[in-house]
Amino acid sequence: MTKTKMVWFFIEIYKPMNLIKKFAIVSVFLFASSLCYSQGVEEIFCKLVETQTNYTVPYATIQFKSSGKGIVANVDGDFRIPYRYKAIKDTLIISCLGYETKIIEATSLKDKSVNTIYLDPKIEALGQVVVQGKKTSSSDLDAYTLVKKAIASITLNYPTKPYSSVGYYRDYQIVRGDYYNLNEAIIESYDAGFQTDIMMNAYNESAILSYKENKEFSRDSSLLIAYDGDSKYIKNTTLSGQGGNELGILNVHNPIRNFEHLSFSFVYVFKRKFLENHEFETLRKVYLNDDIIYEISFKAKSGLVGSGHKASGKIFIAKDNFAIHKLEYRVLETNNVNPLFEVVIEYKPKGDFMYLNYITFNNRFIVSNKFVFDVQSIDFNVYEQAFYMKFNNKLDTTTVDRKDFRFKYQKRKLLVKKAEIVDQQTVKITIADWSLPETIDETTNMSEFDYRVKNIYDVANRRILKSPKIEAYQFREFFAQEVFENKIKPKNLKFIMKYKPLSEAEVNSLQSNDDYWMNTPLKNTNN
């Protein structure tokens, strides 16, 4: 019998901060936004869609012609831009691997509705190319050789001199398609170059330029407890403490930047183990602008992952210089279609080198049944002939129904007349006066009542008293907005301590609040 291999990856163990990525068919959606629908429009909302399929296009780059600055769209193809870019009549240049580049005049975008922008696919299939397979033509290499050359060329294609990158960072959890505990920041990261260890080298530090815990999204402390293998855990997974805080955890999951250092299963040390551990299956040409990029599908060898897991992904390599533009990697349990963890990384060229465009990492975790959704307290108001029932977490108010409350007084049933929401954690249950015995008065003790509640859920999707295990997804993401080549780290910034959470870091004031902005997502992933 084949043993199930344990999967491991780096994840913080002192305080966690991270999908089901469904590129759903686009539908018309409405959402409330104080920014978009305020009297003065401050931001313009857009959504990227593929013309042939009507699927959303994730992680496209949006660059502004006037400044060269830009942002990256979310996994659902959404992005927002400050209204000033329309006011100054700027131009948006939208590019994405496998799609025709699109140029949009900002003045053509609508102010108070979501702008749907269509992108045309640009790909060319080359058929099946297996490991050590034959060349598809005199000018094309087989998949294995392409990957081998790409890894050997990392020190030529990526910076070895100091640089910095300013971008939008966020971490959050997703439960039932809704965001929880969304924290956002604008961060500038200083890097001495790919020849250095991203964590251990003292030069490699990051500074927070702005930070907020977004209170417009739900917050639930039960999702933020530490991983302890019991109350909160990841199935069949070994966790490593390397990586430090939530930003460090994200950074060490980049096997391209850390090509000479240990990374996640089953990449391990990218430079030494990636080729050995994987089979390369299909090869096709995609385009970035007019440049040919090879898209190579791969999977981890079955003897490596065992019977309990599967691992697969895609790597995108430039034809001209073998630069790695993108890497997608996901690990699944064989009996679950949702990834155990997933990493997507993209680099883009600037000058002579490739710089990080974005990285997104998520892992699935379980909060166990120790965290029970239950009644916290109950009181009876004899004058209102009503019970006030308070719960230990915020209610999903759509699930509250009077039929789900049962009361007895000395074994006599009481008829529930109505149930009303008092606040996010409290329900008022009114009893029909004719069903109340005359012996009930202000001296009646609650111990004389029996009650039962069923079918009510809290905002974390926990059913009352059933204490189900909650399956959730932890995300950490960074989207670059501007890269500074050959930039030396200044001495006057307050830098993040690598082993303390971002919430405890000192915030540096932005020189201009207009330079960079938070590309806050919509309220849930189903829009």
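The values are calculated or read from the model by the stated rules, or taken from the named source; none is laboratory data. Note that the structure is a prediction, hence the values are computed from the model and not measured. Cβ: placed from backbone, ideal geometry, glycine included. Neighbour counts: every protein chain shown.
Restricting Lys469, Lys417 to those that are out of contact with any Cys (no Cβ under 8 Å at 6 or more places or on another chain), within 30 Å of Leu250 (Cβ to Cβ) and not polar (S, T, N, Q) reduces the list to Lys469.
When you go through Asp374, Asp423 one by one, which is the residue that is surrounded by fewer than 19 Cβ atoms within 10 Å (Cβ to Cβ), modelled with pLDDT of 90 or more and not aliphatic (A, V, I, L, M)? On inspection, the qualifying residue turns out to be Asp423.
When you check Glu260 against the structure, is it touching a helix residue (DSSP H, G or I) at 6+ places or on another chain (Cβ under 9 Å), closer than 24 Å to Leu332 by Cα and acidic (Asp, Glu), yes or no?
Details: touching a helix residue (DSSP H, G or I) at 6+ places or on another chain (Cβ under 9 Å): yes; closer than 24 Å to Leu332 by Cα: no; acidic (Asp, Glu): yes.
Judged against the criteria, Glu260 is not a match.
Being of a type in the set (Gly, Ala, Ser) and under 17 Å from the mean Cα position of the chain (by Cα) holds for only one residue in Ser218, Ser206, Ser210, Ser231, and it is Ser218. Of the candidates Arg452, Arg476, the single residue that is touching a strand residue (DSSP E or B) at 6+ places or on another chain (Cβ under 8 Å), over 30 Å from Pro159 (Cα atoms) and of a type in the set (D, E, K, R) is Arg452. Can you pull out every residue in the stretch 324-343 that is buried (at least 23 other Cβ atoms within 10 Å of the Cβ) and over 19 Å from the mean Cα position of the chain (by Cα)? The answer is Ile324, His325.
Of all the numbered requirements in (1) over 23 Å from Ile292 (Cα atoms); (2) of a type outside the set (Ser, Thr, Tyr); (3) modelled with pLDDT under 95, Ile104 misses one, and that requirement is (3).
Within the stretch 123-154, the set of residues being at pLDDT 90 or above and among the basic types (Lys, Arg) comprises Lys148, Lys149.
I'd like the full set of residues that are assigned to a loop (DSSP other than H, G, I, E, B) and surrounded by fewer than 20 Cβ atoms within 10 Å (Cβ to Cβ), limited to the stretch 303-323.
Filtering the stretch 303-323 down to residues assigned to a loop (DSSP other than H, G, I, E, B) leaves 307-308, 319-323.
Correct list: Ser307, Gly308, Lys319, Asp320, Asn321.
Applying the condition of being surrounded by 14 or more Cβ atoms within 10 Å (Cβ to Cβ) and of a type in the set (Asp, Glu) to the stretch 378-414 and asking which residue is farthest from Arg462 (Cα to Cα) yields Asp404. Here is a check on your reading of the model: is Ile378 of a type in the set (A, V, I, L, M, F, W, C) and over 30 Å from the mean Cα position of the chain (by Cα)? Judged against the criteria, Ile378 is a match.
Taking the criterion of being among the basic types (Lys, Arg) and surrounded by fewer than 17 Cβ atoms within 10 Å (Cβ to Cβ), would at least one residue in the stretch 256-264 satisfy it? No, there is no match, as no residue in the stretch 256-264 is among the basic types (Lys, Arg) and surrounded by fewer than 17 Cβ atoms within 10 Å (Cβ to Cβ). The single condition among (1) closer than 28 Å to Phe484 by Cα; (2) part of a loop (DSSP other than H, G, I, E, B); (3) among the polar types (S, T, N, Q); (4) in contact with a Phe, Trp or Tyr (Cβ under 9 Å, 6 or more places away or on another chain) that Ser265 does not meet is (1). Scanning the stretch 364-418 for residues that are basic (Lys, Arg) and assigned to a strand (DSSP E or B) yields Arg364, Lys390, Arg406, Lys408, Arg412, Lys413, Lys417, Lys418.
Mind listing just one residue for me: the one in the stretch 479-500 that is touching a strand residue (DSSP E or B) at 6+ places or on another chain (Cβ under 9 Å) and closer than 23 Å to Ala226 by Cα and, of those, modelled with the lowest pLDDT? Reasoning before the result, please.
Of all residues in the stretch 479-500, those touching a strand residue (DSSP E or B) at 6+ places or on another chain (Cβ under 9 Å) come to 479-490, 493-496, 498.
Next, from what is left, pick out any that are closer than 23 Å to Ala226 by Cα: 496, 498.
Numbers: Ile496: 96, Lys498: 92.
Restricting to residues being touching a strand residue (DSSP E or B) at 6+ places or on another chain (Cβ under 9 Å) and closer than 23 Å to Ala226 by Cα, the top hit is Lys498.
Residue count for the stretch 278-302, restricted to those that are more than 27 Å from the chain's Cα centre (by Cα), in a strand (DSSP E or B) and among the polar types (S, T, N, Q): 1. When we screen Leu304, Leu395 for residues that are touching a helix residue (DSSP H, G or I) at 6+ places or on another chain (Cβ under 7 Å) and more than 27 Å from Ile123 (Cα to Cα), the only hit is Leu304.
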